[in-house]
Amino acid sequence: MQTNFTEEQLKDPGIAHANDILRACVHCGFCTATCPSYQVLGDELDSPRGRIYLIKDMLESGRAADEKTVKHLDRCLSCLACMTTCPSGVNYMHLIDHARVHVEKTYKRPLMDRMLRWTLAKIVPYPGRFRLAMGGAKLARPFARFLPDKRLRAMVAMAPKSIPPVSRNDDPQVFAPIGAKKYRVALQIGCAQRALNTDINDATIRLLRRLGCEVVVPKGLGCCGALSHHMGRETEAHAQAARNIHAYLGEGDLDAVIINTSGCGTTVKDYGHMFRDDPLADKAAKVAGLACDISEFLERIGIPEGTGNMRVAYHAACSLQHGQQIKSAPKDLLKRAGFQVVEPTDSHLCCGSAGTYNLLQPEISDELKRRKVATLEAKSPQVIAAGNIGCMVQIGGGTDVPVVHTVELLDWALGGPKPPALAG
């Protein structure tokens with residue numbers, strides 16, 4: 001794609017990087033075939049190619065974002081299926097992230113939009129606040145139909161029937177390995193996950209300990225910054241990420257930083273880019289290099305054969321298969337653990353969760369959920385496995401088939417307790 005940035009504009013590192021990305025695009029349109037929002041809406045401007053044109057025009061002109069551009073950029077899930085499909089290697093992730101920062105800096109959203117986004121940024125990354133908010137949402141559920149905004153109704157509907165008790169395993173501490181120590185790893189404990197489902201971290205710690213890992217929960221860990229980052233709140237996201245970088249590196253030598261929420265993993269692995277022009281650049285790159293999805297780490301160290309004997313439909317989270325390009329590891333691990341693994345049709349397509357997308361774009365999200373659940377249920381599974389809490393909540397809201405994290409099934413098949421979602 002031909003671009004026309006001025007020499008003065010290109011002195012900005014962000015613009016220079018965006019220019020390189022734009023020039024890599026050859027207009028082929030392959031991305032439209034795998035874009036979930038384009039499949040639902042059928043509008044070229046709701047495809048990656050269409051959004052790239054909008055971003056190019058906005059950045060080249062140096063103008064503030066307008067309502068039309070913001071509408072179509074907001075409809076992007078950042079599922080990154082387009083990056084998997086693109087034959088030219090266009091880094092759409094960095095381009096849309098840069099565009100969202102520009103939108104946040106130059107566009108004044110309607111009051112309700114500003115309030116909702118501020119609320120999400122100030123509540124979801126903080127487990128204590130999130131728990132209180134979900135408690136309030138449960139109380140408001142009988143009156144949800146009277147709420148004036150469909151996004152508010154979606155927020156109320158997301159609250160689980162029961163909120164799990166706080167897990168002390170998420171407190172800063174060190175878990176000794178069972179048997180000889182082979183590895184020393186830190187665990188990213190997450191933020192929303194700690195309020196929505198404490199079974200995932202518990203299963204991760206049990207399994208890693210049995211495989212000879214000393215598991216460290218560093219002091220000072222919090223949100224990885226993903227939620228604020230994807231809303232264009234750059235300063236806030238970088239502050240959250242910097243805190244985690246210092247927390248990890250304060251623990252000394254580590255063999256890996258284990259992440260069991262793939263949405264977080266995609267962001268942590270991008271810390272090197274996020275801080276590329278910052279004094280923290282080297283430290284950020286080191287943490288990014290240590291970051292491993294739990295399935296990625298388990299594939300690396302190997303697991304024994306297990307006793308799993310259920311038919312599992314595996315849902316590939318977009319942040320895992322597209323954001324991190326981890327595709328076979330979860331399925332291979334489940335098979336080795338004894339499970340029969342089946343995959344839905346169009347497994348490359350998003351379920352509609354996408355961080356806060358299901359709250360900010362509920363109509364598109366609901367349609368994507370309906371399609372995803374239908375393809376999963378068509379495989380007649382006994383259980384659905386996924387590697388991301390957002391996907392689990394999204395899919396679980398549309399099916400009666402139990403939805404559990406991949407690591408919970410692996411823990412169970414290799415000597416751990418039965419996942420509570422199955423035991424009940």
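Return the lysines within reach of Lys335: Cα separation strictly under 21 angstrom, same-chain partners fewer than 8 residues apart disregarded; answer none if there are no such residues.
Lys327, Lys379, Lys418
If you put +1 on each Lys and Arg Cβ and -1 on each Asp and Glu Cβ, how big is the dipole of the stretch 168-297 around its Cα centre, in Debye rounded to 20?
For the stretch 168-297, the charge dipole is close to 360 debye.
Taking the Cβ of each residue in Phe143, Phe275 as the centre, tally the other Cβ atoms inside 10 Å and list the residues starting with the fewest.
Lowest to highest Cβ neighbour count: Phe143, Phe275.
How big is the equivalent ellipsoid of the stretch 168-297 along its three axes, where each semi-axis is √(5λ) from the Cα gyration tensor, reported in whole Å from largest to smallest?
Over the Cα atoms of the stretch 168-297, the ellipsoid semi-axes are 24, 16, 12 Å.
Suppose we look only past 19 Å in the calculated P(r) of the stretch 137-238. What percent of the Cα-Cα pairs does that tail hold?
Distances greater than 19 Å cover 60 percent of the Cα pairs.
Please check: in the Gaussian network model of the chain (C-alpha springs, under 10 Å), which one of Gln394, Gln188, Gln340 has the largest mean-square fluctuation.
Maximum among the listed residues: Gln340.
Once you list every other residue whose beta carbon is under 12 Å from the beta carbon of Ala378, what net charge do they have if Lys and Arg are +1 and Asp and Glu are -1?
For residues surrounding Ala378, the net value is 0.
If you filter the stretch 291-376 for chymotrypsin sites (Phe, Trp or Tyr not before Pro), then keep DSSP loop positions with at most 10 other Cβ within 10 Å, what is left?
Sparse-neighbourhood loop chymotrypsin sites (Phe, Trp or Tyr not before Pro): none present.
Which order results if Arg141, Arg233 are arranged by neighbouring Cβ count within 10 Å, fewest first?
With the fewest neighbours first, Arg141, Arg233 line up as Arg141, Arg233.
With respect to the cross-link table entries Lys108/Lys283; Lys150/Lys369; Lys11/Lys56; Lys56/Lys283; Lys331/Lys372, which display a Cα-Cα separation exceeding 26 Å?
In this structure, Lys108/Lys283; Lys56/Lys283 lie more than 26 Å apart at Cα.
Tell me which of Asn169, Gly190, Gln324 sits at the most positive position along the dipole axis of the chain, charges placed on C-beta atoms (Lys, Arg +1; Asp, Glu -1).
After comparing all options, I get Asn169.
P(r) for the stretch 1-147, please, calculated from all Cα pair distances in 5 Å bins and given in %.
Reading upward from the zero bin: 2, 9, 16, 18, 16, 13, 11, 8, 4, 3, 1, 0.
Explain nothing, just compute: Karplus ³J(HN,Hα) = 6.51 cos²θ - 1.76 cosθ + 1.60, θ = phi - 60°, for every residue of the stretch 175-180 in order, whole Hz, x for Gly and Pro.
9, 6, x, 8, x, 5
Take the Cα radius of gyration of the stretch 305-423 and divide it by 2.2 N^0.38 Å, with N its residue count; two decimals is plenty.
The reported ratio for this selection is 1.01.
For the chain, what is the calculated [θ] at 222 nm in deg cm²/dmol (nearest 500), taking -39500 (n - 2.57) for each run of four or more DSSP H residues and dividing by its residue count?
Result for the chain, helices only: -14500 deg cm²/dmol.
Using only the Cα atoms of the chain, construct the convex hull and provide its projected area averaged over every direction, in square nanometres to one decimal.
Result: a mean projected hull area of 19.7 nm².
Where the only charges are on Cβ atoms (+1 Lys, Arg; -1 Asp, Glu), what is the dipole of the chain about its Cα centre, to the nearest 20 debye?
1120
If the cut-off is a Cα-Cα distance under 14 Å, which aspartates and glutamates reach Lys68, setting aside same-chain residues fewer than 8 apart in sequence?
Asp43, Glu44, Asp46, Asp57
Going by C-beta contacts inside 10 Å, put Cys264, Cys351 in order with the fewest on the left.
Going from sparsest to densest Cβ surroundings: Cys264, Cys351.
Mean separation of Cα pairs under 8 Å and 6+ residues apart, divided by the residue count of the chain: what relative contact order is that in percent?
Relative contact order of the chain: 14 percent.
What area, in nm² and to one decimal, does the C-alpha convex hull of the stretch 111-156 cast on average over all directions?
Mean projected area of the Cα convex hull: 3.1 nm².
FYI, it's all coordinate maths here, none of it is from the lab. Bear in mind the structure is a predicted one, so any value in this text is a computation, not a measurement. Cβ atoms come from the backbone with ideal geometry, glycine included; neighbour counts cover every protein chain shown.
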